[in-house]
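The values are calculated or read from the model by the stated rules, or taken from the named source; none is laboratory data. Just so it is clear, the model here is predicted, and its values are computed rather than measured. So basically every Cβ, Gly included, is an ideal-geometry build from the backbone, and we count neighbours across all protein chains shown.
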Amino acid sequence: MTRTIERAKQLRTEKIGRRKFLGHTATVAASLPLAMSMASPAVYAAAPKKGGVFRQAITGGSTGDSLDPAKVLDMYMANVSFGQLRNNMTEIAQDGTLVGELAEGWESTADAMTWTFKLRRGVEFHNGKTLDAADVVASLNHHRGEDSESAAKSIVEPIADIRADGNDTVIIELSGGSADFPFLLSDFHLSICPANQDGSIDWESGVGTGGYVLESFDPGVKVITARNPNYWKEDRAHFDAIQTLFVPDVVARTNALLTGDLDAITRVDLKTAHLLTRNSAVQVIETTGNQHFTLPMLTEVPPYDENHLRLALKHAIDREQWLEVIARGYGKLANDHPIGPANTYYDGDIEQRVHDPDKARWHLKQAGHDSIDLDLHVANTAFEGAVDGAQLFQSTAKAAGININVVREANDGYWSDVWQKKPWCASYWAGRATEDWMFSLVYASGGAWNETHWSNEKFDKLLVEARAELDTEKRRSMYSEMQRLVRDEGGAVIPIYASFVQAASAKVHVPEQIANNLEFDGHKNVERWWFS
């Protein structure tokens, strides 16, 4: 056993626990000025430095969390599973381009239906097993099949056949052409685990090929990992160990960062972000991508099965107010569809929907109501400010005869007990690098993460056609039409695109350019950052 792993075991008792974070909450207001007065300038290293225990707090954890990559529900476990323990076939680089990770190269047939991937040689799992094609086949098959409950089931659904060709070649045949297929293999659910002899995978142990080795896993509380001494990426994974804590309370996260109990936090409180920017001991990190806040309705459940009712809600929300009050200007207006300004085929010519109580009331009337009472289930783990946003919506919807009862739910268990269970709730999406990826994951009929249970035959047909279309302008036209279909018939109110706003100690070296596909540098922060 290495010294690094031995040291990580000691951290379980030596370092701060979640309860201590929460104990700081009451004193945060007093701590802010004091912490700022004690700030000292950061000194950055010119080259990566090894060492140190990196302590980070991320939202979205749950006592129901699992090490099964198919069951990663939010960013907390995405960071642990995808960002620390395991690797994928491909990876989104910091400049947004697609690069090989476990695959060193790939090619396809002219119709983009058959893809051949070459694996890197000499890559080892944490248990010493050498990666081979059988591991990749088993890991992707883990998400396939009629009985699969994987959140990535809709992503791998086009795979008609997957097979190993020797130890270092994987051949994937699709049911139709997919020009973007290599991008999909970077999805954080599709991490590669060691295969068992029966063709299943060993996910229970947490063993992967990633930069950190699992030491302890306490769902919904804390995960400890130690640096993999045999990591195949020689220029990555610089920390000795990582402590990842689920701290849903933004005040507790912020205070722990300011007092030095944490080194980085996600989802900065945007109300106090301007104060943090004045603190030389802290760096606020903003990245703008396609993250968007959503208020999804289950479209098969009355009254949300009536599109006029859905349109009434889309006209009743004040997006400008949300951008100003909830996002504090860190973002852009959205238009009730998920394709953002960072996507290739984003259609900025679609008329921007605005707050219009008269239109909302007209649509409500067409839905058969003079007024209506609706429950909106929210928790701030859905996105920071979700409760405040729901209350703003409650206020602006009244003029249209829509009475919104804001039901505040517990943060713990929100994704398993509320999301896709309650008829109307709050949610968010980081967005995806390609239109097909986003649409397939969340809007295709029957998709595991189709949070509105929306089904539209025309949309599904366009989805398959656009995926295989190699003509850029034809593809653009198809994706534009799909954006309009979701905007005008879909089941989600999508008011704003919100920037990722994170913060770290000035002692942490954060590269000048970081990925914007997910928060925390595409959740590769513990690979790419180091203590200076």
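The residues listed here are Ala93, Ala133, Ala152; of these, the one that is over 23 Å from Glu204 (Cα atoms) and out of contact with any Lys or Arg (no Cβ under 8 Å at 6 or more places or on another chain) is Ala93.
Only a single criterion out of (1) assigned to a loop (DSSP other than H, G, I, E, B); (2) of a type outside the set (A, V, I, L, M); (3) closer than 30 Å to Asp417 by Cβ is not satisfied by Phe82, namely (1).
From the list Glu286, Glu300, Glu320, the one residue that fits, being closer than 19 Å to His509 by Cα and surrounded by fewer than 17 Cβ atoms within 10 Å (Cβ to Cβ), is Glu286. Checking each residue in the range 403-428 for being assigned to a strand (DSSP E or B) and either under 16 Å from Trp322 (Cβ atoms) or assigned by TED's automatic domain parsing to the domain that holds Asp269 (or both) picks out Ile404, Val406, Ser427, Tyr428. Residues of the range 198-245 being over 23 Å from the mean Cα position of the chain (by Cα), more than 14 Å from Val53 (Cβ to Cβ) and part of a strand (DSSP E or B), which ones? Within the range 198-245, just Ile201 meets the criteria. The listed residues are Lys118, Lys50, and the only one of them that is assigned by TED's automatic domain parsing to the domain that holds Lys153 and charged (D, E, K, R) turns out to be Lys118. Taking the condition of being closer than 22 Å to Trp203 by Cα and in a strand (DSSP E or B), how many residues in the range 158-192 meet it? Residues meeting the conditions: 5.
Screening His126 with (1) free of Cβ contacts under 8 Å to residues at least 24 places away in the same chain; (2) closer than 27 Å to Leu73 by Cβ gives one miss only, at (1).
Does Lys359 satisfy the criteria of being charged (D, E, K, R), in contact (Cβ under 8 Å) with a residue 40 or more places away in the chain and in a strand (DSSP E or B)? For Lys359, the condition - charged (D, E, K, R), in contact (Cβ under 8 Å) with a residue 40 or more places away in the chain and in a strand (DSSP E or B) - is not met. Taken together, the residues in the range 355-373 that are surrounded by fewer than 19 Cβ atoms within 10 Å (Cβ to Cβ) and in contact with a strand residue (DSSP E or B) (Cβ under 8 Å, 6 or more places away or on another chain) amount to 3. Among the residues of the range 389-399, just one is touching a residue at least 24 places away in the same chain (Cβ under 8 Å) and more than 16 Å from Val493 (Cα to Cα), namely Ala399.
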